[in-house]
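The values are calculated or read from the model by the stated rules, or taken from the named source; none is laboratory data. As the structure is a computational prediction, the values presented were derived from the model and not from experiment. Cβ coordinates were reconstructed from backbone atoms using ideal geometry, including for glycine residues, and neighbour counts include every protein chain displayed. Keep in mind that these areas ignore ligands, DNA and RNA; they rest on the heavy atoms of the full protein, side chains included. Shrake-Rupley method; radii C 1.70, N 1.55, O 1.52, S 1.80 Å.
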Amino acid sequence: MKILITDPIAPVGVEILKENFLVEERDGITTEELLSCVGDYDALIVRRHTKVTEEVLEAGKRLKVIGRAGVYMDNIDVEAATRKGVMIINAPEGNTVAAAEHAIAMLLSLSRHIPNANKSLRDGRWDRSKYMGVELTGKTLGIIGLGRVGGEVARRARSFALHIMGYDPYITPERADKLGVEMVSFEDIFKRADFITLHLPRTKQTYHMVGENELALMRPTARLINCSRGGLVDEPALYRALKEGRIAGAAVDVFEEEPAVDNPLLGLDNVIVTPHMRTMTIEAQENVSQQVASEVTNALLERPVVTAVNVAVVPPETLEEVKPFLPLMRILGKFYMQVFGSSVEEVEISYAGEIASYPVTPLTTSCLIGLLSVMLDESVNYVNAPVIARQRGIRVREVTSTSAEDFTNLVTLKVKGREGEKFLAGTIFRKNDPRIVRINDYHIEVVPSEYMLLTRHVDRPGIIGKIGSLLGAANINIAGMQLGRTARGGEAAMAVQVDTPITDETLDSIKEMEHIHTARFIKI
């Protein structure tokens with residue numbers, strides 16, 4: 001078998017691959033060259049420069065595996081690869097320490113003006129008093145995002161006697177306690193912290209999450225660090241805050257547009273910048289190279305793989321019996337997180353009826369994939385979902401019973417968190433037709449679809465019509481609707497299936513209607 005490497009990886013990974021395969025390295029390959037030759041290879045290994053588009057995947061007739069020497073999949077069409085049956089593998093842990101250490105380096109550099117002092121002395125000036133710094137001891141560090149990298153930053157920050165605050169809506173109290181972090185609101189981070197560091201993915205929800213409003217909450221002595229993803233910070237707003245002295249400084253390693261050689265932030269003395277080098281250490285590059293090479297080897301030799309991002313690993317002996325329930329379980333997980341959100345401390349899944357007589361672990365894992373894929377911007381699959389849940393301190397319980405009362409089979413998802421306990425129930429009709437049949441106290445038969453609206457509102461005439469009118473005015477077609485209520489004239493729930501996504505503007509209009517308690521747009 002043959003492997004093509006189109007972006008440079010550390011030699012240790014190349015040597016691992018050469019033990020079993022023919023390996024060709026073509027750094028700097030053009031798109032046209034890749035399209036013309038990729039059909040000759042069984043595996044392709046890339047970093048962040050090579051674009052693995054649907055066109056490339058179509059040309060890769062022999063491709064079985066794509067290895068990404070890193071974490072993020074921005075340059076790979078994962079959906080197209082999945083449709084083609086190509087396994088995608090990444091290296092999610094190899095550069096965690098490097099990223100955390102770079103954030104700490106930025107923290108220290110900000111507090112003591114190290115880059116500017118270094119340049120000043122090299123320019124022939126001895127400006128000791130000009131670069132008066134601040135000590136970290138006794139200061140407050142706010143960490144937004146306490147995943148792998150954020151957690152490592154917290155562990156290292158404790159050694160500087162910093163008080164550490166954190167914001168992460170999905171973290172459990174047990175993990176926060178273990179990290180020594182005081183969990184606070186998003187706003188409190190900006191109001192109270194002396195230093196703020198970001199460690200979360202760029203998504204629709206996190207894009208420009210730090211803007212004018214958040215920067216206005218910061219004290220004039222506070223400093224901001226972004227070694228996570230470009231686009232988390234509204235850069236023009238940050239520029240104005242720094243230029244006007246409304247905050248003391250910033251350290252930026254990632255930018256919305258890169259290379260950032262013409263970015264206005266580079267012209268400010270109270271800004272430290274580095275060229276997206278958070279993971280650029282010898283050790284990180286070797287770790288990532290070794291991990292992706294080992295996993296690609298395992299995949300091609302049909303050994304167990306633990307970092308696959310798009311493959312459902314279900315035991316063959318149970319697949320036929322449990323297969324219809326796999327989509328239902330993922331739907332329940334994704335639906336729950338988008339309706340209720342918040343922290344997850346314990347997940348209890350009850351299986352009742354015929355399904356309880358089969359091994360249900362793959363189903364539980366499928367539900368975790370649904371939950372975690374909404375919580376995290378990282379690949380979650382049948383191999384790593386239980387590991388991620390354990391790492392985040394989420395307790396998982398399975399309960400089985402052969403009696404399902406009103407259904408042949410019934411699955412109930414019960415989730416406990418800081419806000420209490422909430423649950424969903426679902427079943428399968430006609431062997432392959434998933435349904436959500438209960439949402440907390442509402443008995444409602446929801447037909448899952450790609451796009452849905454879920455509302456809680458007062459049970460009174462006119463509400464449904466007004467919602468329909470708002471959707472119609474936004475040119476959003478209604479495909480179906482289901483209703484449930486606790487009592488006549490009390491509170492009701494409505495699920496609406498729509499053909500296209502609901503914009504934030506339309507959703508806000510629905511939320512502002514009289515008698516509407518909550519409205520959620522859900523994407524399955």
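If you go through the range 49-73 and keep only what is within 18 Å of ASP27 (Cα to Cα) and either touching a Ser or Thr at 6+ places or on another chain (Cβ under 7 Å) or open to solvent by 10 Å² or more (accessible area, probe 1.4 Å) (or both), you end up with HIS49, THR50, LYS51, THR53, ARG68, ALA69.
For the range 242-285, filtering for residues that are part of a loop (DSSP other than H, G, I, E, B) and either hydrophobic (A, V, I, L, M, F, W, C) or on the phi < 0 side of the Ramachandran plot (or both) leaves 25. Listed by first and then second residue, the pairs linking a residue in the range 501-524 that is touching a residue at least 12 places away in the same chain (Cβ under 8 Å) and closer than 17 Å to GLU450 by Cα to a residue that is among the small types (Gly, Ala, Ser) and in a loop (DSSP other than H, G, I, E, B), with Cβ atoms under 8 Å apart and 6 or more places separating them unless they lie on different chains, are ILE502/ALA474; THR503/ALA474; ILE524/SER449. Only one of the listed residues (LEU35, LEU57, LEU63) is of a type in the set (A, V, I, L, M, F, W, C) and over 30 Å from the mean Cα position of the chain (by Cα). That residue is LEU35.
Remark: pairs (first residue in the range 283-311, within 11 Å of ASN90 (Cα to Cα); second residue in a loop (DSSP other than H, G, I, E, B) and not small (Gly, Ala, Ser); Cβ separation under 6 Å; 6+ apart in sequence or on different chains) = VAL288/ASN95; SER289/ILE9; GLU295/VAL305; GLU295/THR307; VAL306/VAL383; ALA308/ASN381; VAL309/ASN381.
Go over the candidates LYS61, LYS51 one by one and state the one that is touching a residue at least 24 places away in the same chain (Cβ under 8 Å) and among the basic types (Lys, Arg). Matching residue, one of LYS61, LYS51: LYS51. Of the numbered criteria (1) under 29 Å from the mean Cα position of the chain (by Cα); (2) under 22 Å from LEU301 (Cα atoms); (3) in contact (Cβ under 8 Å) with a residue 40 or more places away in the chain, the one PHE21 fails is (1).
Across the range 189-229, the number of residues qualifying as part of a loop (DSSP other than H, G, I, E, B), at pLDDT 95 or above and of a type in the set (Lys, Arg) comes to 1.
Of the strands (runs of 3 or more DSSP E) that lie entirely inside the range 390-432, those containing 1 or more residues that are in contact with a Gly (Cβ under 6 Å, 6 or more places away or on another chain) span 409-417. Residue count for the range 306-318 satisfying the condition of being modelled with pLDDT under 80, surrounded by 12 or more Cβ atoms within 10 Å (Cβ to Cβ) and within 28 Å of the chain's Cα centre (by Cα): 6.
Within the range 409-459, the set of residues being closer than 26 Å to MET513 by Cα, aromatic (Phe, Trp, Tyr) and under 24 Å from the mean Cα position of the chain (by Cα) comprises TYR451 only. Considering GLU354, GLU283, the condition of being at pLDDT below 90, open to solvent by 20 Å² or more (accessible area, probe 1.4 Å) and charged (D, E, K, R) is satisfied by GLU354 alone.
Scanning the range 5-19 for residues that are of a type in the set (D, E, K, R) and part of a helix (DSSP H, G or I) yields GLU15, LYS18. When the range 412-429 is filtered for residues that are open to solvent by less than 40 Å² (accessible area, probe 1.4 Å) and touching a residue at least 12 places away in the same chain (Cβ under 8 Å), the ones remaining, listed by number, are THR412, LEU413, VAL415, GLY417, LEU424, ALA425, GLY426, THR427, ILE428. For the range 430-453, the set of residues classified as more than 18 Å from ALA479 (Cα to Cα) and either crowded, with 16+ Cβ neighbours inside 10 Å or of a type outside the set (D, E, K, R) (or both) consists of ASN432, VAL437, ARG438, ILE439, ASN440, TYR442, HIS443, listed by residue number.
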